[in-house]
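Rule-based calculations on the coordinates, nothing more; no lab input. What you see is a predicted model; the values in this text were computed from it and never measured. We place every Cβ from the backbone using ideal geometry, glycine too, and count neighbours over all the protein chains shown.
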Amino acid sequence: QILVDKLKQVPELKDKEFIILSFATGGYKQPQQLILLNYFLSIGQEFDMLINIDGFNEVILAKANNKNNIDIMMPSTNHVVPLTNIANNSLSTKSIRAMLKINDSKGKLKDALETLDKCQVAYCYALTSIYVQNLATTYRKNVKIFDKERKKAAKQAAGETEASIVYFYAQSPQLEKSELYETMAEHWKKASIMMKQIAANNNILYFHVLQPNQYYPTNRIYSEAEKKIAFDSDTPFKEATELGYPVLFSKIDDLKQNGVNIFNGVNILDDAKEIVYIDSCCHYTKAGENILSEYIANSIFNTLAPNQKSNVKSKK
C-alpha cells in the first residue's frame with residue numbers, strides 16, 4: 001500500500017487501479033528473474049511496471065554453487081540439491097524434521113519481533129527479548145542441522161550420479177574469488193539490461209533495486225537484541241556479501257548508461273531505531289519492509305515526477 005499511495009501522487013497515475021503481483025521466490029537469482037519475465041510475457045501476462053529487487057542472492061548463491069562445482073548461473077544448489085535428494089529418496093528424516101522446524105521458527109520470530117516493536121514498558125520488552133533470542137537460537141540450531149544433513153546426503157550421492165534422476169552441469173575447476181564475483185556481477189548486469197530492453201519493447205517501466213543486507217557494512221548501529229538475531233559468526237554469507245557487493249556497485253554506472261533505472265538501497269536501514277532484520281540471513285521485519293517500500297516508492301516517484309521530489313536516502 002505504501003508504494004501504491006506514493007505512485008498515485010504522480011499526476012498520470014492518480015486515477016489508475018494498481019494490482020501488485022509478487023513473483024518473489026526463495027533462492028531465485030539472475031537469470032531466473034529474466035527467465036520468469038519472458039515466461040509470463042509469452043503466456044500473455046500484461047505488465048505496466050516491473051520492480052526487480054535483488055543483489056544478495058546473486059552474491060551468496062554464486063559462492064555456494066562455485067563451492068559445489070556447479071556453474072554459478074545454474075539455480076541455487078542450496079535449494080535444488082535438497083529437492084534432488086527428495087527426488088532420489090536420499091533426504092534423511094532428520095533433515096526433513098529440521099526443515100519443518102526452521103519454517104515454524106521463522107513464523108514465530110516474525111510475530112515475536114512485531115510484538116517487541118509494540119512493547120511500551122520495560123517488562124514487556126525484557127520478556128519478549130528473551131523469547132526472541134531463544135527463537136533465534138533454535139532457528140540457527142536447526143539451520144545448522146539441516147545444512148549438516150544436506151552436506152552428508154550430497155557426499156553420499158556424489159558417487160551415484162548415474163542412478164540420480166537429476167543431472168547438474170559441473171563447473172571445474174572452481175573459480176577464484178576475484179573471477180567468481182566479477183563473472184557473477186557481469187551476468188547480473190547483462191540480465192538486468194536485457195530485462196530493461198524486453199520491458200521497453202513491451203511498453204513496460206522497469207526499475208532495479210539493490211537490496212540492503214546486514215553483512216555489507218554500513219553506518220547502521222545495531223542494538224544488542226538485533227545483533228543476536230541478525231548475525232551468525234558461522235555464516236558463509238558474510239564473506240560473499242562483503243566481497244560481492246562492491247563488485248555489483250562497480251556495474252551500476254554501466255547499468256545507468258544502458259538506460260536502467262537502478263537504485264542502490266544498501267544503506268536505507270541505517271537510521272532505523274527498530275529491529276529491521278528477522279533472521280541471520282537477509283529477511284526483514286515489518287518495520288524493515290516498510291522502510292524498503294518507502295525507499296522504492298520515493299525513488300520511482302522521483303523518476304516519474306522529477307519536478308515533485310521526495311526525500312530519498314541512497315548510496316551514490
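Below are the figures for this structure:
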{"read-out": "At R0 = 30 Å, FRET efficiency that the Cβ-Cβ distance of Ile35 and Ser250 yields, to 0.05", "value": "0.75"}
{"read-out": "Potential lengthening between Ser223 and Leu127 on full extension [0.36 nm per residue; Cα-Cα distance subtracted]", "value": "33.0 nm"}
{"read-out": "Derived scalar couplings ³J(HN,Hα) [segment 33-42; Karplus, 6.51 cos²θ - 1.76 cosθ + 1.60; whole Hz; x for Gly, Pro]", "value": "4, 4, 5, 4, 4, 4, 4, 5, 5, 5"}
{"read-out": "Which of Ala98, Leu180, Gly259, positive extreme of dipole for the chain (C-beta unit charges)", "value": "Ala98"}
{"read-out": "For Met49, distant residues with modelled amide H under 5 Å away", "value": "Leu205"}
{"read-out": "Cα-based reach from Lys94 at 14 Å (exclusive), listing aspartates and glutamates while leaving out same-chain residues under 8 positions away", "value": "Asp147, Glu149"}
{"read-out": "Cα-based shape type of the chain, given that a ≥ b ≥ c are square roots of the gyration tensor eigenvalues and the cut on a/c is 1.5", "value": "oblate"}
{"read-out": "Cβ-placed point charges (K, R +1; D, E -1), dipole of the chain about Cα centre in debye, nearest 20", "value": "620 debye"}
{"read-out": "Net charge contributed by nearby residues that have their C-beta within less than 9 Å of Lys177 (K/R +1, D/E -1)", "value": "-2"}
{"read-out": "Lys108 versus Asp48: modelled label distance in nm, points set 7 Å from Cα along the beta carbon direction", "value": "4.3 nm"}
{"read-out": "Fraction of antiparallel bridges per DSSP, the chain only, in percent to nearest 5", "value": "15 percent"}
{"read-out": "Gap separating the Cα centres of segment 183-206 and segment 10-62, nearest whole Å", "value": "11 Å"}
{"read-out": "Förster radius 30 Å - calculated FRET efficiency between Asn134 and Gln174 (Cβ-Cβ, nearest 0.05)", "value": "0.20"}
{"read-out": "Built amide H within the under 5 Å cut-off of Asn261, gap 5+", "value": "His208"}
{"read-out": "Listed residue pairs exceeding 25 Å between alpha carbons, taken from Lys67/Lys228; Lys67/Lys238; Lys108/Lys144", "value": "Lys67/Lys228"}
{"read-out": "Segments 195-204, 281-290, 239-248, 52-61 sorted - mean Cβ within 10 Å per residue, highest first", "value": "52-61, 239-248, 281-290, 195-204"}
